[in-house]
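Novice: Here it is: the structure, laid out below.
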């Protein structure tokens, strides 16, 4: 076999990243509900940069130094913080041009484990086409890293990753050989006409619905609301 | 919520079993290509018992003691052994009524990590209906443990697990709440009319096809060829 196509593959959880990481130039971090959606919304609303941190303690240290710092755990804003990972937080003039510190249950953990990759970008349904188009122009092997939910597989991240696979495979320059990528693409194709309906029974949607976050969910599952591509540079997310 | 239905869930890889294991009474170990298919074929052909072992060294020790011992790694029979995990191996009078020792790349590893569960049984497409019907009568929470491929997700095990989910959910007495289980069921529903076609691009099918094991694949993907249900008792697989 002499297949010179580039690879677009999907890693379902941060725990499995160790089996993939050495073969890819670009890692696309995905946490649809809600960290990477919130990060996209933040840049779309004129934030300057985001410092992702893994622990609540780190976020609190930044807060004490005067930074705007947010923290989310299990879907809720952590006590002592003013915001978490709702995308609507950032639609507010107080954030314009600011640097923000953020820690979330799953998304900032993925950013941390991927940080040594050559290039790390952030994707969600919100910037799906923009990310896919940019990836198609890089001539690099791409891994979508789904954040999952506490190290378990999660449906919405996988479908978002499957959408990126589908776009890149359709260019003719990419292929997927891992079963996880093939499954992600299959799941995307059966979900794409009705994300809300398809994800009705997903565990995280139920979790957030119980927290009265239905507006967040609708927003996060609506594709192509922005062209921003957040990228990790020296430990900070900035706009590409 | 006061949902008293039993759970049928799916764990995609042995590595994720740690996040599931405490909540289930019955674990169904699945390694479609080919360990659990071979185990079903062996019992269907009158084998007495199978001792699953995790290392080639253990299998060799048994062989030196005079046991019939098989070993497979990466799809091939390990040097020094006469058989691996082809189901056709066991369609042979030499195995009738015998006790066999077996180690395989993925399947015997899953059996080992699940061994402390209350009940451990073996499933494949070969005994799909028989296993599903039996599970529906036990009044227990069920976890399907897919063996995957070297700790990565694998499509054929997931589809087999999805078939068991679909059967049990349709009884009305079971529900799936994990996203992995929901995805497995979706993948099964889109694969069920043509397993061979659906799995054409799967990584393990390609791997085995390259080893000229197409006949094994066809056999392993043909549902309901036997009613046997292999069960783990005191470290040995026997027929239920």
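Where a number appears in this text, it was derived from the coordinates with a stated rule and is not lab data. These numbers were taken from a predicted model, which means no experiment stands behind them. Because the Cβ atoms are built from the backbone with ideal geometry, glycine has one as well, and the counts that use them run over all protein chains shown.
Novice: What whole-number distance in Å separates the alpha-carbon centres of segment B:186-240 and segment A:109-167?
Specialist: Segment B:186-240 and segment A:109-167 have Cα centres separated by 31 Å.
Novice: A further question follows. Report the Rg/Rh value for segment B:149-240, based on alpha-carbon coordinates and the Kirkwood definition of Rh. Provide the component values of the computation, followed by the final result.
Specialist: On the way: Rg = 15.0 Å, Rh = 14.9 Å.
On the Cα set of segment B:149-240, Rg over Rh gives 1.00.
Novice: Just to confirm the numbers: residue A:82, label point 7 angstrom along the Cα-Cβ line, distances to the other copies in nm, shortest first?
Specialist: 7.7
Novice: Diagonalise the Cα gyration tensor of the protein assembly as shown and give the resulting equivalent ellipsoid semi-axes, square root of 5 times each eigenvalue, largest first, whole Å.
Specialist: Here the semi-axes work out to 44, 23, 20 Å.
Novice: For a label point 7 angstrom out from the Cα of residue B:73 toward its Cβ, which stretches of segment B:100-128 have the backbone nitrogen within less than 15 Å?
Specialist: Inside the label zone: B:103-109.
Novice: Under the convention of a label 7 Å out along Cα→Cβ, give the distances in nm from residue A:236 to the same position in every other copy, shortest first.
Specialist: 6.8
Novice: What whole-number value in cubic angstrom gives the convex hull volume per residue for the C-alpha atoms of segment B:199-240? Present the calculation step by step, with values, prior to reporting the outcome.
Specialist: Numbers: hull volume 4.4 nm³, N = 42.
Residue-normalised Cα hull volume stands at 105 Å³.
Novice: To the nearest 10 degrees, how steeply does helix A:35-44 sit against the main Cα axis of chain A, on a 0 to 90 scale?
Specialist: 80 degrees
Novice: Going by alpha carbons, how many degrees (0 to 90, nearest 10) lie between the helix axis of A:155-170 and the longest principal axis of chain A?
Specialist: 40 degrees
Novice: Moving on to the next point. 7 Å along Cα→Cβ for the label point: how many nanometres lie between residue B:173 and each equivalent label in the other copies, listed shortest first?
Specialist: Output for residue B:173: 5.6 nm, nearest copy listed first.
Novice: Compute the long axis of helix A:179-191 from its Cα atoms, compare it with the longest principal axis of the Cα atoms of chain A, and write down the angle in degrees, 0 to 90, nearest 10.
Specialist: 70 degrees
Novice: Now for a separate question. Percent antiparallel among DSSP beta bridges with both residues in the protein assembly as shown, to the nearest 5?
Specialist: DSSP beta bridges in the protein assembly as shown are roughly 25 percent antiparallel.
Novice: Please give the FRET efficiency for residue A:55 paired with residue A:177, using the beta carbon to beta carbon distance and R0 = 41 Å, rounded to the nearest 0.05. Display every interim value, and only then the final one.
Specialist: Working: r = 36 Å, r/R0 = 0.88.
Efficiency, rounded to the nearest 0.05: 0.70.
Novice: Classify segment A:84-218 as rounded, prolate or oblate, taking a ≥ b ≥ c as the square roots of the eigenvalues of its Cα gyration tensor: rounded when a/c is under 1.5, otherwise prolate if a/b is larger than b/c and oblate if not.
Specialist: oblate
Novice: Also, quick follow-up: Let me have the relative contact order for chain A, percent, based on Cα pairs under 8 Å that are six or more residues apart.
Specialist: 34 percent
Novice: Considering every residue in B:210-221, what mean count of other chain Cβ atoms within 10 Å of its Cβ is obtained?
Specialist: 0
Novice: Using only Cα positions of segment A:6-239, each an equal point scatterer, no hydration layer, compute I(q)/I(0) via Debye at q = 0.08, 0.09 Å⁻¹ and quote the log10 values to two decimals.
Specialist: -0.25, -0.32
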